[in-house]
Amino acid sequence: MDKTEIGENELRLRIEEFLIRNCGVSLSEASENDIYRALSTAVREVLTNNRTRFRREIREKKARRVCYLCMEFLVGRNLKNALSCLGILGVAENVIRDMGRKPEMIYGVECDPGLGNGGLGRLAACYMDSLTALGYPATGYSICYEDGFFRQKLLEGEQVEKADEWLDTGDVWLFPRPERAVTVKMGGTVRESWESGRYTVTVDGADEITAVPWDLPVPGYGGDTVNVIRLWRARSEMPPSVFATQGEYARSIRKKIAPAALSGSLYPSDETDEGKLLRLSQQYFLVSASIQNIISDHISDGGTVGDLSQRVAIHINDTHPALVIPELMRLLMDVYSYGWDDAWRVVTSTVTYTNHTVMPEALETWNSELFRIRLPRIYLIIEEINRRLCGDLWIRYPGDWDKISRMSVTAYSSVRMANLSVAAAQKINGVSLLHTEILKKKVFSDYFKDTPYKFVNVTNGVSHRRWLVEANPLFTELLKESIGDRFVTDPMELTNLMKYADDPAFLEKLSAVKRKNKERLADLAVSSGDSPVDPDSIFDVHIKRMHEYKRQLLCVLKILYLYGKILDEPNCDIPPVTFIFGGKAAPGYRMAKTVIRLIWSVGEEIARDRRARDRLKVLFAEDYNVTSAEAIIPAADISEQISLAGKEASGTGCMKMMMNGAVTIGTLDGANVEIKEAVGDDNFYVFGMKEQEVEELWNGGYESVKNYLKSDKIRAALSFLEGEIAGRRFDGVLNYLLYSHGVSDPYMCLADFDSYTAEWERMILDTQKKDEWRRKSLVNTAKSGYFSSDRSIREYAEKIWKIKPLT
Ligand code: NBG
């Protein structure tokens, strides 16, 4: 069945057939789950046909492709996206309605696939979307985490983590490919020997794990192109009964890595040695399975391992898949008998690397001892890479021990994955202009001086088809009426909206759309248990992973300050505002969990106070994920992007909200700098220290207490922390901000507080100048085309991967 052939009758027929054959029910008896399965299966069939055609074309043209290795792909729900890409959303929704069901209820059956945790994973999904829509051959590689990330529940403000059983409904989209299974080996003992004049290496007694690929199709817009994300699942060769009955065997495998854990859940807690070992094993599992698959595809397409780089670019997305470097070396040398230099040439001409963070704790390092035990052969290869690297550096920088030790891959009993990636990659990129400059000047300054030509910037982008066209149908309709529908494939067309910037009638329509989206969100909030939300209040949104550097704490301190102000000056001119937060805290991250509790408690306290509750409301959206983001973002008036300057590599929520007409209040950090440049100073609210100022203050010995003593506003906000908030105490937060050992307020909330609140108050008054504010909103959408992932992907394709679109 081809997409063009699907009319309503055909689709209806297929659904009914499926129901009878697979669920044993007629249409009238079918549950929403049955219909979801039936419809998804019909769509999947179309995707398979298109996939087969696209794959054939790639083979025939011997096209070069990118293999995007990433521990996370936060794809969001599939059904509606696939229908929309195939251009049959309207057809399908008519069929669903004819069946007496509501489309949203059918989409609602699908769980969000729990394959990622934040911006990094969502970026990977947006990139697969653009790669496919633009017709580039690409394969994503990741792990099929059976328990996903986790589902967040809030019990009286306390985050509780639940297993995320997304496969209950997500399985419909996965195609198992057991015939492409490969074996991944870990552990064991390395034996080096000289046999008939050749140096050979074997590993005895390694654990063997079978990796089975499950393919998740990624439809491109228009439906002609379909790529896949290949997700690996670990399989044990033993039936479960053996584990239960053979005590001896069960004990012996416990010492090894249990296969189920490898594709169990995303990022097992890595606070303990077992957690770290499991995470390292997951990373190796991903890269070993993927590279074996890449090589075997390449060979079956007529290539040889030696010319891999001519047809394949392997992308290391953040350092998590960096083990692909030594693993490819291992395969080339131990399996294909290449010498070191030839193998290194293949590796270094094939891999490219994106850095996504400057936070030291996220620049991965592994304890050498753990590493050596789990991956002994890989460890030897890394040592050899390092020996040669340092030898080479020694020739070029004789005597400069400091530099060489900063650049080396192993040092102080640890393996540094970032240095490994930079040393081997063809190209290295940061994800915003500012971030790339920080990489060049600070994080990788020695490498930048050594090989400046390797470093490039590609500012992140987001799929405007998912985040605007699909998530905001009302706005899309208005856009199509006014500027036509070319922006769907060419986002730069959005600039045509500028001709309506001073047209009051258009601005009125724009505001009506925003109002509808706010009503929709308000209804959703109430249906999930919140008290009524006023859609006429300003929606001020802070959604992202919970992290100190993103400064949710700064935002909630501002709310406390505003609360105090309303109590002191009941006639002050703050209009009603609804603050919307959403984000998960890593399970072991205590401070982030405390901040969730604080946000929730402040919300409770204000809701109980008649003097303030009609003017300030605080919502914490439980279990923030792609689906909830799709509801929140179109409804946002204000986008809070308030990280400490220099810490946020890029940010992508800022782009999604900008596209949907929210106006940003932010620091000059990450992509904010470029957003401000694009929209102009009148349409962006900026505050706080610049990156350089942050550094100077920090190096000069930051003392938050000085800010506290100087500022009435800070003291007013913090006075709430001295008592109870909704019956809870937050002395810990007060200590953290003012009195901790070491440095108080490490992310400098208090240093930026006065400037933040002043700018916010200026902004909130501007929201009341209706036409001016609506104009700002329009300009934000009009200038957002640059932040589409279509632009980013073209840059990656040209500057980094050297791939060309087909079709
Ligand atoms: C995140 C950064 C964001 C950035 C995304 C995508 C990690 C390690 N990094 O600023 O914090 O937008 O990556 O590049 O998750």
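The values are calculated or read from the model by the stated rules, or taken from the named source; none is laboratory data. Because the structure is a prediction, the values reported are computed rather than measured. Ideal geometry is used to build each Cβ from the backbone, glycine not excepted, and the neighbour counts take in all protein chains shown. These accessible areas exclude ligands, DNA and RNA; they are computed on the full protein's heavy atoms, side chains included. Shrake-Rupley method; radii C 1.70, N 1.55, O 1.52, S 1.80 Å.
Evaluating K3 against the criteria (1) modelled with pLDDT of 95 or more; (2) surrounded by fewer than 23 Cβ atoms within 10 Å (Cβ to Cβ) leaves one unmet condition, (1).
Among the residues examined, W698 does not qualify as more than 16 Å from the ligand (Cβ to nearest atom), crowded, with 19+ Cβ neighbours inside 10 Å and modelled with pLDDT of 95 or more. Of all residues in the stretch 550-561, exactly one satisfies the criterion of being open to solvent by 10 Å² or more (accessible area, probe 1.4 Å) and within 14 Å of the ligand (Cβ to nearest atom), namely K550.
Total residues in the stretch 127-151 satisfying the condition of being more than 26 Å from V324 (Cβ to Cβ) and surrounded by fewer than 23 Cβ atoms within 10 Å (Cβ to Cβ): the figure is 2. Applying the criterion of at least 3 residues that are open to solvent by less than 40 Å² (accessible area, probe 1.4 Å) to the strands (runs of 3 or more DSSP E) found wholly in the stretch 161-232 leaves 182-186, 207-219.
Only residues that are within 9 Å of the ligand (Cβ to nearest atom) and touching a residue at least 24 places away in the same chain (Cβ under 8 Å) were counted across the stretch 642-654, and they come to 8.
Of all helices (runs of 4 or more DSSP H) completely enclosed by the stretch 84-134, which ones contain at least 2 residues that are within 16 Å of the ligand (Cβ to nearest atom)? Passing ranges, in order: 119-133. Check the stretch 415-428 and report whether any residue there is of a type in the set (K, R), in a loop (DSSP other than H, G, I, E, B) and either crowded, with 17+ Cβ neighbours inside 10 Å or at pLDDT below 95 (or both). Yes: one or more hits. Any residue at all in the stretch 579-588 that's farther than 30 Å from Y702 by Cβ and either touching a Gly at 6+ places or on another chain (Cβ under 8 Å) or open to solvent by 10 Å² or more (accessible area, probe 1.4 Å) (or both)? Within the stretch 579-588, not a single residue is farther than 30 Å from Y702 by Cβ and either touching a Gly at 6+ places or on another chain (Cβ under 8 Å) or open to solvent by 10 Å² or more (accessible area, probe 1.4 Å) (or both).
Here's the yes/no breakdown for (1) away from the ligand (no atom under 16 Å from the Cβ); (2) assigned to a helix (DSSP H, G or I); (3) surrounded by fewer than 24 Cβ atoms within 10 Å (Cβ to Cβ):
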position	(1), (2), (3)
A592	no, yes, yes
V595	yes, yes, no
V602	yes, yes, no
A612	yes, no, yes
S628	yes, yes, yes
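Scanning the stretch 655-667 for residues that are in a helix (DSSP H, G or I) and either open to solvent by 10 Å² or more (accessible area, probe 1.4 Å) or within 14 Å of the ligand (Cβ to nearest atom) (or both) gives M655, K656, M657, M658. Scan the stretch 767-807 residue by residue and report those that are closer than 30 Å to K558 by Cβ, without any contact (Cβ under 8 Å) to a residue 24 or more places away in the chain and part of a helix (DSSP H, G or I). Hit for the stretch 767-807 is E772, nothing else.
For first residues located in the stretch 346-360 and over 9 Å from Q426 (Cβ atoms) and at pLDDT below 95, partners that are aromatic (F, W, Y) and open to solvent by less than 30 Å² (accessible area, probe 1.4 Å) and lie 6+ apart or on another chain with Cβ distances below 7 Å form the pairs M359/Y549. Evaluate the stretch 568-575: report whether one residue or more is of a type in the set (V, I, T), away from the ligand (no atom under 16 Å from the Cβ) and outside any helix (DSSP H, G or I). Scanning the stretch 568-575, I find at least one residue that is of a type in the set (V, I, T), away from the ligand (no atom under 16 Å from the Cβ) and outside any helix (DSSP H, G or I), so the answer is yes. Among the criteria (1) free of Cβ contacts under 8 Å to residues at least 40 places away in the same chain; (2) at negative phi; (3) away from the ligand (no atom under 16 Å from the Cβ); (4) open to solvent by 20 Å² or more (accessible area, probe 1.4 Å), the one G399 does not fulfil is (2).
If you go through the stretch 717-743 and keep only what is small (G, A, S) and either buried (at least 19 other Cβ atoms within 10 Å of the Cβ) or in a loop (DSSP other than H, G, I, E, B) (or both), you end up with A717, G723, A726, G727, S740, G742. Residue-level check: of (1) touching a Gly at 6+ places or on another chain (Cβ under 7 Å); (2) away from the ligand (no atom under 16 Å from the Cβ), H435 misses just (2). Every condition in (1) within 18 Å of D168 (Cα to Cα); (2) open to solvent by 60 Å² or more (accessible area, probe 1.4 Å) is met by S40 except one, and the failing one is (2). Out of (1) open to solvent by 20 Å² or more (accessible area, probe 1.4 Å); (2) touching a strand residue (DSSP E or B) at 6+ places or on another chain (Cβ under 6 Å), what's the single condition that is false for T436? Status for T436: all satisfied but (1). Of the residues making up the stretch 22-37, those that are surrounded by 15 or more Cβ atoms within 10 Å (Cβ to Cβ) and in a helix (DSSP H, G or I) number 7. Out of everything in the stretch 484-494 that is assigned to a helix (DSSP H, G or I) and surrounded by fewer than 18 Cβ atoms within 10 Å (Cβ to Cβ), what residue ends up being nearest to the chain's Cα centre (by Cα)? Selected residue: M492.
Restricting the stretch 537-549 to residues that are within 14 Å of the ligand (Cβ to nearest atom) and buried (at least 23 other Cβ atoms within 10 Å of the Cβ) leaves a set whose member that is nearest to C654 (Cα to Cα) is K544.
Which pairs have Cβ atoms under 7 Å, sit 6 or more apart or on different chains, and link a residue in the stretch 16-45 that is touching a residue at least 60 places away in the same chain (Cβ under 8 Å) to one that is open to solvent by less than 30 Å² (accessible area, probe 1.4 Å) and of a type in the set (D, E, K, R)? These pairs meet every condition: Y36/E110. Does any residue of the stretch 456-471 turn out to be surrounded by fewer than 21 Cβ atoms within 10 Å (Cβ to Cβ), without any contact (Cβ under 8 Å) to a residue 60 or more places away in the chain, away from the ligand (no atom under 16 Å from the Cβ) and not acidic (D, E)? No, the conditions are met nowhere in the stretch 456-471. Among the residues of the stretch 144-157, are any more than 16 Å from the ligand (Cβ to nearest atom), among the aromatic types (F, W, Y) and in a strand (DSSP E or B)? No.
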